[in-house]
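Read-outs throughout are calculated quantities, based only on the coordinates presented, and are distinct from any laboratory measurement. Just so we're clear, the structure is a prediction, and the values are computed from it rather than from any experiment. Backbone-built Cβ (ideal geometry, glycine too); neighbour counts: all protein chains shown.
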Amino acid sequence: MRMCLCGCVPRMSRRGLIAGALAATAVPAAAAAPADPKLIDDLVVANRILYDQGVVDGFGHISARHDKDPNRYLLSRSMAPALVTAGDIMEFDLDSNPTDSSGRTPYLERFIHGEIYKVRPDVMAIVHSHSPAVLPFADTHTPLKPMNHIAGFLGSGPPVFEIRGTAGDASDMLVRSNNLGRALAKTMGQSQILLMRGHGSVAAAQSVRHVVFRAIYTEVNARTELQAMALGKPVFLNEKEAAAAMKTNDGLVDRPWALWKQRIAAK
Ligand SMILES: [Zn+2]
C-alpha cells in the first residue's frame, strides 16, 4: 500500500482497501469506532437539502458508507428525510441488518444501499428517490441522457431495473429483500444512476456531497429533457463529452453544496 508523507492513504489505495475488506468478511466486527461526526452532519444536511430541492418528499433516503468500517453503512431510521437529526442515523451491516436498532424502525428499502455497497467499492454514498420528473424516463423506453455538462454523470444513459424479472408480476414494487437489492445492483453495474421502472431512481457517488449533486441534477436534467422533447429532437452530450464533463464537475461539488446548505439554514 502506498502512503504519502503525511500518512494519508491515496484514493486508489483506499478503494483497494475497501474491496479487500468487502471480500474478506460479510460479518461486521462486534464493535467499530464511531463514525466521524462530520460525516453524520453531512448526512443530516443532505437529507434536508434533498427535500428542499424537490428530490425527496415524505419518501426517499440517503446513506453513506461508514468511514471507519467499509462493511457498514449509515442511514436514517424510517422517517421523512427533512426531519432527520443526528440521533436518527442508524448503522447497518452490508446485509442491511441494524447493528444497534435501539427500538428504531429501519426503512423497508435499505437493501438497495447494502447490496450496492457490497459490489461497488468506489461508492461511498447512495440516494434513493421517487423524484417526479425522472419517473417518465423510468416508465417508458425514452432514455434519460445528459442535456448539458452538469449532468455528464448520466453518461450514455442509466440502465432501468425491471423488478418483475426477480419479484414476478404481483410485487408491491419495493426492494424489500437482499435478493431484490442484489438484482438491482447487478442491473446498475458501474453506472452512477439507475432508473427503477414504476418506482424511481438511485444515485451513487464517491461522497455524500457528490451523490446529492447527482440526485439533484438528475431531476433537473429530466425536466430539461422533457422541455427539449416538446420542441424537437434533443442533441445530447456524447460519451466522451459526458465523461470529460463529469471529471470537471466532480471537483466543483462544494460550490452548490454551500449554496444548498445555506438555503436550508436560512429557513
Ligand atoms: Zn422507493
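The table for this structure:
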| quantity | calculated |
| --- | --- |
| Paramagnetic label zone (point 7 Å from Cα along Cα-to-C-beta, HIS149; backbone N under 16 Å) in segment 239-259 | 239-256 |
| Ranked ILE62, ILE126, criterion: other C-beta atoms within 10 Å, fewest first | ILE126, ILE62 |
| For segment 239-262 and segment 74-89, distance of Cα centres in Å | 26 |
| In nm, spacing of pseudo-spin labels at ALA244 and THR142 (7 Å Cα→C-beta vector) | 2.9 |
| Within straight-line cross-link reach of LYS38, aspartates and glutamates at Cα separation under 19 Å, skipping those fewer than 8 residues along the same chain | ASP67, ASP69, ASP88, GLU91, ASP254 |
| Rule-of-thumb Rg ratio for segment 157-267 [Cα; 2.2 N^0.38 Å; N residues] | 1.25 |
| Likely footprinting exposure, ARG182, ARG110, ARG120, fewest C-beta neighbours within 10 Å first | ARG182, ARG120, ARG110 |
| Per residue, the convex hull volume that the Cα atoms of segment 33-265 enclose (Å³) | 118 |
| Positive-end residue, segment 33-265 charge dipole about Cα centroid, Cβ charges, pick of PRO146, VAL202, ILE89 | PRO146 |
| Cα pair distances in segment 78-173, grouped into 5 Å bins until the bin that holds the longest one, percent each | 2, 9, 14, 20, 20, 16, 12, 5, 1, 0 |
| Packing-based ranking, highest mean first, of 127-139, 164-176 given that Cβ atoms within 10 Å are counted | 127-139, 164-176 |
| Helix-only [θ]222 nm of the chain, DSSP H runs n ≥ 4, -39500 (n - 2.57) each, per residue, nearest 500 | -12500 deg cm²/dmol |
| Pairs beyond 29 Å (Cα-Cα), from LYS118/LYS247; LYS118/LYS267; LYS186/LYS261; LYS68/LYS261; LYS145/LYS186 | LYS118/LYS267; LYS186/LYS261 |
| Nearest-20 debye value, the chain charge dipole, Cβ charges on Lys, Arg, Asp, Glu | 520 |
